[in-house]
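Colleague: Right, I'll just put the structure down here and ask away after.
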Amino acid sequence: MGTVSGGHFNPAVSLSFALLKPEAFPLLHLPLYWLAQLLGAIAGGLINLLIFNSFFEAQETLGGYKRGDDASIMTVVGWVGVFPSPYGQYKV
């Protein structure tokens with residue numbers, strides 16, 4: 001393996017490599033890496049949506065709300081562990 005690990009999954013890691021090891025990872029490579037990381041994140045999100053969309057819709061139907069309603073935050077809470085503010089109207 002070369003001097004660059006190839007594990008540039010995070011744009012901040014790529015930036016760190018470019019700033020701290022410019023001889024191994026030139027700053028000119030950074031925009032292409034960032035573009036690839038952005039496109040990879042979008043593709044990953046779309047793949048997850050394709051896989052789980054029908055399950056999300058079933059949960060929303062079961063909960064009596066539609067995507068985009070205020071209550072649809074409950075779908076997010078159940079699947080990604082992002083909890084609403086304790087001062088909000090929804091209790092988990």
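The values are calculated or read from the model by the stated rules, or taken from the named source; none is laboratory data. Note that this is a predicted model, so its numbers are computed, not measured. Note: ideal-geometry Cβ built from the backbone for every residue, glycine included; neighbour counts use all protein chains shown.
Colleague: Kindly check whether there is at least one residue in the range 80-87 that is at pLDDT below 70 and over 29 Å from residue 10 (Cβ atoms). Outline the logic, then answer.
Modeller: Initially, the range 80-87 is screened for residues at pLDDT below 70, giving 80-87.
Subset that is over 29 Å from residue 10 (Cβ atoms): 86-87.
Yes, the range 80-87 contains a residue that is at pLDDT below 70 and over 29 Å from residue 10 (Cβ atoms).
Colleague: Regarding residue 90, is this residue modelled with pLDDT under 85, in contact with a helix residue (DSSP H, G or I) (Cβ under 9 Å, 6 or more places away or on another chain) and aromatic (Phe, Trp, Tyr)?
Modeller: yes
Colleague: Now a separate question. Has the range 6-19 got any residue that is surrounded by 11 or more Cβ atoms within 10 Å (Cβ to Cβ) and modelled with pLDDT under 75?
Modeller: Looking for residues that are surrounded by 11 or more Cβ atoms within 10 Å (Cβ to Cβ) and modelled with pLDDT under 75, one finds none in the range 6-19, hence no.
Colleague: Can you work out which of the residues in the range 20-68 that are part of a loop (DSSP other than H, G, I, E, B) and of a type in the set (D, E, K, R) is farthest from residue 10 (Cα to Cα)?
Modeller: That would be 66.
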